[in-house]
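Data first, discussion second: the structure below is written as structure tokens.
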Amino acid sequence: MIAALFTPAIWVIFINGREKEVIIIRGRYIWAQDIEWWVLQALPHIGDNNVAAIGVVNGQKEKRTVLVHLSDKQQDISSLSAIIKQEINRATGINAQAVFIIDKLPLTASGKRARTQAKARYLSQSLHVIGHSEEYQ
């Protein structure tokens with residue numbers, strides 16, 4: 001949101017808002033909530049607010065990462081990762097590079113997913129990872 005305050009001789013502009021939650025792949029902008037929605041269309045049993053898509057910059061490239069919280073820990077993680085990757089590729093034409101099944105996804109005070117906190121915890125390696133896609137190093 002941009003707000004402007006005008007006095008006869010001075011213009012003051014306030015820019016406020018949050019960091020964009022968009023993943024940029026070869027100049028193409030893909031919104032994180034779109035990726036999450038596509039995953040939930042393929043796997044509705046996961047439940048809303050249990051999927052977070054984040055982009056992590058690695059040098060000049062952005063790594064597409066999907067974090068998933070599962071309440072049912074008995075699911076086959078490799079097949080779940082494959083379905084998630086397939087759905088993202090089908091919907092966007094891009095490949096998710098890593099899928100992490102985590103113990104708990106950070107939420108805001110109002111109960112919504114907190115992508116910024118999830119990304120920070122991913123980068124600091126403080127997420128409790130239950131499983132991950134095979135090509136994760």
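The values are calculated or read from the model by the stated rules, or taken from the named source; none is laboratory data. Computed from a predicted structure; not experimentally measured. Here Cβ is always computed from backbone atoms with ideal geometry, including for glycine, and neighbour counts include all displayed protein chains. We work out accessible area using only protein heavy atoms, side chains counted, and drop any ligands, DNA or RNA first. Shrake-Rupley method; radii C 1.70, N 1.55, O 1.52, S 1.80 Å.
Accessible area per residue (1.4 Å probe, heavy atoms of protein chains only) ranks Glu36, Glu21 as Glu21, Glu36, with the largest value leading. Our coupling estimate for the stretch 95-102, obtained by passing each phi through the Karplus curve with A = 6.51, B = -1.76, C = 1.60 and θ = phi - 60°, is 9, 6, 8, 8, 10, 10, 9, 10 Hz, Gly and Pro reported as x.
Here the 3J(HN,Hα) profile of the stretch 27-35, calculated from phi with Karplus coefficients 6.51, -1.76 and 1.60 at θ = phi - 60°, is x, 9, 8, 10, 6, 4, 5, 5, 4 Hz, Gly and Pro shown as x. In this structure the stretch 86-131 gives 56 Å² per residue of accessible area when probed at 1.4 Å with all protein chains present.
Of Leu40, Leu105, the residue with the largest accessible area leads and the full order is Leu40, Leu105 (1.4 Å probe). Taking amide H positions as modeled 1.01 Å from N, with prolines and chain starts lacking one, the residues under 5 Å from Trp31 and 5 or more places away or on another chain are Ile23. Heavy-atom accessible area for Thr116, with the other protein chains in place and a 1.4 Å probe, reaches approximately 90 Å².
Close amide H contacts of Leu70 (hydrogens built in the peptide plane, cut-off under 5 Å, sequence separation of 5 or more or a different chain): Ile102.
Rounded to the nearest Hz, the phi-derived 3J(HN,Hα) couplings of the stretch 111-123 under the Karplus curve 6.51 cos²θ - 1.76 cosθ + 1.60 (θ = phi - 60°) are x, 8, 5, 10, 4, 4, 5, 4, 5, 4, 5, 5, 5, where x marks glycine and proline. Of the peptides 81-90, 46-55, 25-34, the order by per-residue mean of other Cβ atoms within 10 Å, starting with the highest, comes out as 46-55, 81-90, 25-34. Here's how it looks for Ala96: its modeled amide H is under 5 Å from those of Asn89, which are all 5 or more places away or on a different chain. Considering the zone a paramagnetic label at Ser78 would reach in this model (a point 7 Å from Cα along the Cα-to-Cβ line), which residues of the stretch 91-133 have amide N under 20 Å from it? What the label zone holds, given the 20 Å backbone N cut-off, is 96-102, 129-133.
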